[in-house]
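Participant: Pasting a structure here, questions to come.
The values are calculated or read from the model by the stated rules, or taken from the named source; none is laboratory data. Every value quoted in this text rests on a predicted model; they were computed, and no experiment measured them. Please note: Cβ atoms are built from the backbone with ideal geometry, for glycine as well, and neighbour counts cover all protein chains shown.
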């Protein structure tokens, strides 16, 4: 997977967790802020810390993006169920 695909995958994973916990998708922006803060603290001593922060900052976690991701996940689940019948 390339970097963009990994970033998209991470966005889907956050969306899935929020949906499972029945949390508003607007919380994803708080999640992103927390992840950035944690990465700054944990990885500041590494030579590639700027690269890590740049990648984390690319996470697309707006509430509208999470809504679309959730709809994609639901459509995929429905398709899988239909295929199994």
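Participant: What are the pairs, 6+ residues apart or on separate chains, where a residue within the stretch 49-62 that is under 11 Å from residue 39 (Cβ atoms) has its Cβ under 9 Å from a residue that is not in a helix (DSSP H, G or I)?
Facilitator: 52/46
Every residue, every condition in (1) surrounded by 11 or more Cβ atoms within 10 Å (Cβ to Cβ); (2) at pLDDT below 95, yes or no:
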residue: 17; (1), (2): yes, no
residue: 35; (1), (2): yes, no
residue: 40; (1), (2): yes, no
residue: 48; (1), (2): no, no
residue: 55; (1), (2): yes, yes
residue: 63; (1), (2): yes, yes
residue: 75; (1), (2): no, yes
residue: 80; (1), (2): no, yes
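Participant: What pairs come up if the first residue lies in the stretch 70-81 and is at positive phi and in a helix (DSSP H, G or I), the second is surrounded by fewer than 11 Cβ atoms within 10 Å (Cβ to Cβ) and at pLDDT 95 or above, and their beta carbons are under 8 Å apart, counting only those six or more places apart or on different chains?
Facilitator: Hits for this filter: zero, empty list.
Participant: Follow-up question, since we're still on this one. Only residues that are in contact with a helix residue (DSSP H, G or I) (Cβ under 7 Å, 6 or more places away or on another chain), in a helix (DSSP H, G or I) and in contact (Cβ under 8 Å) with a residue 24 or more places away in the chain: list them for the stretch 23-48, please.
Facilitator: Across the stretch 23-48, the qualifying residues are 28, 31, 35.
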